[in-house]
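Inspection log for the structure reproduced underneath, given as structure tokens.
The values are calculated or read from the model by the stated rules, or taken from the named source; none is laboratory data. Being a predicted model, the structure only gives us computed values, none of them experimental. We place every Cβ from the backbone using ideal geometry, glycine too, and count neighbours over all the protein chains shown.
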Amino acid sequence: MMYLDHSLTKALTLCLAFTSLAACSEIQEEAANTEESWSTAFPGKADIYGEDSRREINDPSVSEQERELAQSVAMVFNIRNTLDITDESISFSRKTMSQEFQRINGVPLCEDEPFAQQVAPGYCTAFLIAPDLMATAGHCVNGHTRCAQMSFAFDYAKSSPSEDPVRISRKDHYRCESIIGRLYDPFEDGEALLSKEYWYDWAVIKLDRPVTDRKPVVLTEGEFIERGAPLTVIGHPSGLPMKLTQGNVVTDDKERYMNTTLDIYKGNSGSPVFDNEGKVHGIVIRGSGGNSFEIVNGECGRSKQCEDIGDPTGCIGNHALRIDPIRIFTNENLKYIEQHSLVDDDEELGFRHSFNFEQEGEVAVATVHLNAGARDSKALKVILHHNGKSVEMMHRPKDLGYGRWTASKFDFKGEPVEGEWIIEVIEEEAARLNVEWAQVMLAYQ
């Protein structure tokens, strides 16, 4: 059984509370003997609670077990965000996190802001669940980058405090071949956000080739993790080189998600959430919604502070989707079939398009892909029909504004693959909708 070590920072806090000063001085001496200082601790909030626990993955305080888990985690980036691609390596743009912040907000990050001068080429995080499959958050797919532009970089991390990594080995770079599962549905239940539930936000990507030099993560079997239990996240906050952070479970009674005190930022979306045995319990899906910084005196940006969930600053905690929807894709016996076709979208409002499958087997997951664009649509629905069952795949029209859209549902589980499948698009109010092609993809056994 593998257990994860806590950081030296948190060890110092605990030893001061429960042990002698002599014991604490031994820990301090161990940290002081490090040739170069990795210290980046900064009290504050972005998606941070209490003390900022983010550390470089190669910080001496990070255990060998944690570094091994990190080998299965990748930065998600747009292939357009590269300067040079050779047979041996890929180099990224040298734009720092502070420069990107200034581009958006008109001022740089404050000089004492951790990691402000590090290069930040990523926009999300993903993790390996099978030799050729990556899992991430659903909002990282379609909304930021199409599959053709979506790339994954393993081992993008600082190897020393003075290093500024802007290059990865070509062998550690993978591309998106297809989206085999995805669901981002904030409005599935109008009461979900403020009541017992939370929206689905997950995606599974098939890579352009199998990964052979690192292991997939181990997923939990659906057991709930208790309140107060320690959690570890490994990922790429703000698109930075890999960081590790730790926190705790706040809620243990929600079916779909966990609320946590994990220190995460935009860019951690899609990061795996590990329990104390190194198993993945969840996927990072939401923090402050990207509103992680405040402008200080109109001069620079600094992380917002939050001491606890629900305090007067309005801190809501950082949410992780339970891993349950992802588990089916790790089944080695799962097969995939798909049919796609150009769509003649001449009707004034909506269309129906039919696909016929002859394969035998039972459906596990049904996925619809549309290459479409919609503007000014207020009441657009996408429905999948098969074997007398109709399932609404999407009722969030603005999702189609990105040009390509994907949604997966488990409602057809156990239904026969064979037969007619119909995609129906209903425009209940006039909209400028242009559909070029539609696709049904089935995962089955």
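Remarks
- Positions within segment 78-97 being in contact (Cβ under 8 Å) with a residue 40 or more places away in the chain and more than 20 Å from S169 (Cα to Cα), in sequence order: M97
- Note on segment 226-240: residues that are in contact with a Lys or Arg (Cβ under 9 Å, 6 or more places away or on another chain), part of a loop (DSSP other than H, G, I, E, B) and either within 14 Å of A320 (Cα to Cα) or not assigned by TED's automatic domain parsing to the domain that holds I48 (or both) total 0.
- Residue within segment 244-252 that is under 30 Å from P114 (Cα atoms), assigned by TED's automatic domain parsing to the domain that holds C140, touching a Lys or Arg at 6+ places or on another chain (Cβ under 6 Å) and among the hydroxyl-bearing types (S, T, Y) present: yes
- The residues of segment 211-225 that are surrounded by 10 or more Cβ atoms within 10 Å (Cβ to Cβ) and either in contact with a Pro (Cβ under 8 Å, 6 or more places away or on another chain) or outside the structural domain of K171 (by TED's automatic domain parsing) (or both), listed by number, are V211, P216, V217.
- Of the residues in segment 123-135, none is farther than 30 Å from Y336 by Cβ and modelled with pLDDT under 95.
- Single residue of segment 404-445 satisfying the filter (closer than 14 Å to V343 by Cβ and modelled with pLDDT of 95 or more) that is surrounded by the most Cβ atoms within 10 Å (Cβ to Cβ): V440
- Restricting A32, A70, A46 to those that are modelled with pLDDT of 95 or more, out of contact with any helix residue (DSSP H, G or I) (no Cβ under 6 Å at 6 or more places or on another chain) and of a type outside the set (D, E) reduces the list to A70.
- Among residues of segment 166-177 that are in the same structural domain as F127 (by TED's automatic domain parsing), those with a beta-carbon under 6 Å from a residue that is of a type in the set (S, T, N, Q) and part of a strand (DSSP E or B) at least six positions away or on a different chain give the pairs V166/S91; R167/S89; R167/S91; S169/S89; R170/S89; R175/S151.
- Any hit, segment 263-284, residues being under 15 Å from L321 (Cβ atoms) and modelled with pLDDT under 90: yes
- Residues in segment 152-172 that are of a type outside the set (K, R), part of a strand (DSSP E or B) and modelled with pLDDT under 95 were compared, and the one that is nearest to Y257 (Cα to Cα) is I168.
- Out of I90, I129, I79, one residue alone is surrounded by fewer than 16 Cβ atoms within 10 Å (Cβ to Cβ), among the hydrophobic types (A, V, I, L, M, F, W, C) and assigned by TED's automatic domain parsing to the domain that holds C315. It is I79.
- For L69, the criteria (1) assigned to a helix (DSSP H, G or I); (2) surrounded by fewer than 22 Cβ atoms within 10 Å (Cβ to Cβ) hold in every case but one, which is (2).
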